[in-house]
Amino acid sequence: MAKRHTILTGDRPTGPLHLGHYVGSLRARIELQDDHNVFVMIADTQALTDNAENPKKVHDNVTEVMMDYLAVGIDPKKTTIVLQSQIPELAELAMYYMNLVTVARLKRNPTVKEEIKQKGFEKSLPVGFFVYPVSQAADITAFGADLVPVGEDQLPMIEQTREIVDKFNKTYPPRRASVGTSKKVLVKPEAMIPETPRLPGIDGKAKMSKSLGNAIYLKDNSKDIEKKVMQMYTDPGHIHKEDPGEVKGNTVFAYLDVFDSDKEEVEKLKAHYKKGGLGDVELKKRLIGVLDEFLSPIRDKRKDYEKDPDKVMDILLEGTKKGREVASKTLSRVKEAMMLDY
Ligand code: TRP
């Protein structure tokens, strides 16, 4: 990617980050931050849309997520990390965008549909939750992001944002030469999907998630890792060590493929497993070592930050201040185009 992109991604602060987050998005952010203008948002306002009764959970996880970011290598000198609730311009933008989206269109959003089912919101759906795709469109456009690295489940959000941008730009062209009359007010973003396949949970389910209880966290200690890997789903047909085993769909191999740097050795292990004679415990021991080696520097760095949570919050508020300036400029242009610039 030769062009310097403006990139935004975000996470809802509802729990500590896990290896699924690492593979699905953190890794890409760390790579991109050297050459692009990267914003990362802790989406606490969005987290409240389905946690309205749990302000403490959201509040406490803001620091947790921030510590995970810093520990894993998101560098605040390169990446602007922002806290959604402290940028009121985002809420104002969302208010204007809501006029450009129909209820029918929101109801058709597959991610919203799925989440309504998952969260048991069929009978009583909070309006704030229902419109969160509009608020997410505000997040993305406020920073002028042209690229949004997300997992596949977020694709409908980007699609919805693109529609809002088109509608906005068509309805509200710039009115002043200062913006450049040929230029559109909002940037239309594109999604960027990571190349690596999604990391399964330790139970072999397609998605690693806190609510499924199948996650390995970035802050897990050696004991946690050992316990979780030992529980990991392998090949249910591989009962005796001598039996030939399945590599496909075997969670341990899925993890080794991602985290073991000795690819040649992994291929050898696969062949051995398929042939028979390689026990699950032996294989799992290798994975425990590999994961512990990967997580131990992250854990150490995190411990340093845990000693000074005030400093962690200062870094977040500093980034938020920078981010707010950008969002505020976008809002000015939006209001000008909407004839709200009194
Ligand atoms: N909805 C995203 C998730 O659940 C989090 C998020 C909030 C986000 N704002 C964003 C992602 C802006 C990308 C861009 O994972």
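May I ask you to give the percent of accessible area on the stretch 191-342 that is carbon plus sulfur, with a probe radius of 1.4 Å?
Using a 1.4 Å probe with all protein chains present, the stretch 191-342 comes out at 53 percent carbon and sulfur.
Per-residue ellipticity at 222 nm for the chain, helices alone: DSSP H runs ≥ 4 residues times -39500 (n - 2.57), over residue total, nearest 500 deg cm²/dmol?
Taken over the chain, the calculation gives -16000 deg cm²/dmol.
Can you tell me the Rg and the Dmax, both Å, for the Cα atoms in the stretch 75-210?
Every Cα atom of the stretch 75-210 included, Rg and Dmax give 17.0, 58 Å.
What number in nm² do you get for the stretch 37-128 if you take the convex hull of its Cα atoms and divide its surface by four?
Directional mean of the projected Cα hull area for the stretch 37-128 stands at 7.6 nm².
By accessible area of protein heavy atoms, probe 1.4 Å, what ranking do 240, 5, 272 get, highest first?
The ranking, largest first, comes out as 240, 272, 5.
Tell me which aspartates and glutamates have Cα within less than 19 Å of residue 184's Cα, excluding those fewer than 8 residues away on the same chain?
Filter leaves 139, 146, 159, 163, 166, 336, 341.
Which ³J(HN,Hα) values, rounded to whole Hz and listed in residue order, are derived for the stretch 5-10 from phi using the Karplus coefficients 6.51, -1.76 and 1.60 in 6.51 cos²θ - 1.76 cosθ + 1.60 with θ = phi - 60°, glycine and proline given as x?
Calculated HN-Hα couplings, in order: 9, 9, 10, 10, 9, x Hz.
Using a 1.4 angstrom probe with every protein chain in place, what is the largest-first accessible-area order of 175, 105, 302?
My answer, sorted largest first, is 175, 105, 302.
Across all directions of projection, what mean area in square nanometres is found for the Cα convex hull of the chain?
If you wrap the Cα atoms of the chain in a convex hull and average its projections, you get 19.5 nm².
If you roll a 1.4 Å probe over the heavy atoms of the protein chains, what accessible area per residue do you get for the chain, in Å²?
Ligands and nucleic acids excluded, the figure is 51 Å² per residue.
Could you state, as a whole-number percent, how many of the C-alpha pairs of the stretch 232-277 are farther apart than 15 Å?
39
Mind ranking 98, 232 by accessible surface for me, highest first, 1.4 Å probe?
Final ranking, largest accessible area leading: 98, 232.
The values are calculated or read from the model by the stated rules, or taken from the named source; none is laboratory data. In this text the structure is predicted, and so the values were computed from the model without any measurement. Heads up: the accessible areas ignore ligands, DNA and RNA and are worked out on the full protein's heavy atoms, side chains in. Shrake-Rupley method; radii C 1.70, N 1.55, O 1.52, S 1.80 Å.
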